[in-house]
Amino acid sequence: MKEIVFQYQVLENASALSSEDAQLLQKARAATSKAYAPYSQFQVGAVAMLNNGETIEGTNQENASYPVGICAERVLLSAVSSFYNGIAIKTIAISCHNLKGESKNPVSPCGICRQSLLEQTIRQHQPIKLILSGMEGVVYILEDASALLPLSFTAADMK
Ligand code: THU
């Protein structure tokens, strides 16, 4: 029998974060206002801290043809790859809220985004730390986003 252990940190709120991580989460919370989510009314903001100290934002972008919509995380990963090509992502903070501005729980990347985060992690040879939280309250910290997708499919499987 094999076992995969998944560990993450749970903080009561953002005050226990380092100042760099707290600022990044603040930016993710603010970025939610730039989401285009008229159909789900669920606005997500994702902000990356790059190895060079720059930050870049992504938000979910929906479409009248629902499957065309893209999650904040993949908008962000595409932007980093396009505008900051070759620069690794150190940390990504993600936040969200509904139409009423409420978000009781941290948002966790969907399955497709987990696969995209894994690909980016492999490309950059460096784990991506995730900071997940709603607009207030509990914060989850994951040291390596790829842990969200155990027993995953990667390029190595096609060799
Ligand atoms: N969404 C994200 O942008 N990221 C997540 O981690 C979860 C879901 C978006 C997709 C869609 O626009 C809306 O939230 C509702 O699913």
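FRET efficiency for the pair residue 13 and residue 158, taken as 1/(1 + (r/R0)^6) with r the Cβ-Cβ distance and R0 = 30 Å, rounds to 0.10.
Taking 97, 125 and ordering them by how much accessible surface each has at a 1.4 Å probe, largest first, produces 125, 97. Pairs of lysine residues in the chain that meet both criteria, 8 or more places apart or on different chains and Cα atoms under 25 Å apart, total 11. Using the Cβ-Cβ distance between residue 83 and residue 151 with R0 = 35 Å, the FRET efficiency computed as 1/(1 + (r/R0)^6) comes to roughly 0.60.
As a fraction of the 1.4 Å probe accessible area of the chain, surface on carbon and sulfur atoms comes out at 54 percent. Based on the reciprocal of the average 1/r between different C-alpha atoms, the Kirkwood radius for segment 14-148 equals 14.6 Å. Counting only DSSP H runs of at least 4 residues, each contributing -39500 (n - 2.57), and dividing by the residue count of the chain, the helix-based mean residue ellipticity at 222 nm comes to -8000 deg cm²/dmol. Qualifying trypsin sites (Lys or Arg not before Pro) in segment 27-128, where qualification requires a DSSP coil assignment and no more than 12 other C-beta atoms within 10 Å, comprise 100, 104.
The values are calculated or read from the model by the stated rules, or taken from the named source; none is laboratory data. Small disclaimer: the values here were computed from a predicted structure and weren't measured. Heads up, the Cβs are rebuilt from the backbone with ideal geometry, glycines too, and the neighbour counts pull from every protein chain shown. With ligands, DNA and RNA removed, areas are computed over all heavy atoms of the protein, side chains included. Shrake-Rupley method; radii C 1.70, N 1.55, O 1.52, S 1.80 Å.
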